[in-house]
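Student: Before we start, here is the structure in question, set down as structure tokens.
Coordinate-derived values only; no laboratory data. Note that the structure is predicted; figures quoted are calculated from it, not measured. For neighbour counting, all protein chains shown are included, and Cβ atoms are generated from backbone atoms with ideal geometry for every residue, glycine included.
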Amino acid sequence: MSLRSVTSFALFAAAGGAALLLAGCDRQSDAPVQADSQAEGSASAESGLTGTLDRSNAGDLMPAINVSAPDGTTLNLGALQGKPVLVNLWATWCAPCVTEMPMLDELAARYDGKLRVVAVSQDLQGADKVVPFFEKAKFTHLEPWLDPETKLSFTYGGGVLPTTVLYDAQGQEVWRMVGGYDWSSEDARALVDEAVSAE
């Protein structure tokens with residue numbers, strides 16, 4: 001194979017990978033999914049929040065992956081035990097992610113002290129994109145965590161953004177929501193209460 005052929009193939013492969021990543025934003029997962037009528041009933045198709053509830057990974061431990069804050073502080077997700085944790089993977093370029101962020105901020109406020117909401121950006125530019133986004137949005141309860149190497153996306157598989165995973169106080173997965181979701185709904189609170197009420 002000539003050098004020109006190898007170079008052409010590498011460029012084609014890189015472009016294809018980028019297209020797949022962009023197409024993943026709010027795409028439905030091919031993973032086994034247990035549909036939940038509560039979740040589907042509250043999803044708002046008009047706003048693009050058509051997430052699917054997936055319980056196929058229930059019982060899995062939270063991955064021991066480090067994420068970082070813009071100031072360089074690190075947080076090992078695997079060490080977050082003692083109270084339920086909602087991990088949200090998002091990016092500034094993902095429309096359903098941006099739509100649900102204010103709702104996640106309100107959810108964090110509603111469950112203040114009972115649930116930690118950890119919003120982890122998958123933006124490759126890290127703080128350069130996330131800090132201005134947070135400053136403009138003026139969130140009161142969400143903290144900007146960064147994962148510019150997208151380790152969590154690879155760990156969870158599927159590459160769909162947003163993906164939100166609920167863990168109980170022992171760090172075990174309860175469910176995950178693949179795609180955007182209406183976190184302001186009564187159904188969302190019922191889903192979160194599965195872990196919060198079990199404390």
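Student: Please report THR73, THR163, THR50 as a ranked list, fewest other C-beta atoms within 10 angstrom at the top and most at the bottom.
Tutor: Listed from fewest to most nearby Cβ atoms, that is THR73, THR50, THR163.
Student: While we're looking at this one, here's another question. Name the GluC sites (Glu not before Pro) in segment 71-180 that are in a loop by DSSP and that have at most 16 other C-beta atoms within 10 Å, would you?
Tutor: GLU149
Student: Grab the beta carbon distance between ASP193 and LEU75, set R0 = 22 Å, and tell me the FRET efficiency rounded to 0.05. Write out the running numbers ahead of the final one.
Tutor: Working: r = 25 Å, r/R0 = 1.13.
In this case the efficiency is close to 0.35.
Student: In segment 69-143, what trypsin sites (Lys or Arg not before Pro) fall in a loop by DSSP, with at most 10 other Cβ atoms inside 10 Å?
Tutor: Working: sites: ARG110, LYS114, ARG116, LYS129, LYS136, LYS138; in loops: LYS114, LYS138.
Passing sites in segment 69-143 are LYS138.
Student: Tell me, SER56, SER184, SER121, SER153 in order of fewest to most beta-carbon neighbours within 10 Å?
Tutor: Least crowded to most crowded, the residues run SER56, SER184, SER153, SER121.
Student: Please enumerate, by chain and number, the lysines with C-alpha under 19 Å from the C-alpha of LYS129, excluding those fewer than 8 residues away in the same chain.
Tutor: LYS138, LYS151
Student: VAL118's amide H: which non-local residues (gap 5+, or another chain) put their own amide H closer than 5 Å, with H modeled 1.01 Å from N in plane and none for Pro or chain starts?
Tutor: Amide H to amide H, under 5 Å and 5 or more residues apart or across chains, VAL118 pairs with LEU86, VAL87, ASN88.
Student: Further, regarding this structure: Could you size up the charge dipole of segment 139-187 around its Cα centre, putting +1 on the beta carbon of Lys and Arg and -1 on that of Asp and Glu, and report it in debye to the nearest 20?
Tutor: 200 debye
Student: Let me spell out the model: positive unit charges on the Cβ of Lys and Arg, negative unit charges on the Cβ of Asp and Glu, origin at the Cα centre of segment 104-159. What dipole size does that give, in debye rounded to 20?
Tutor: I would put it at about 160 debye.
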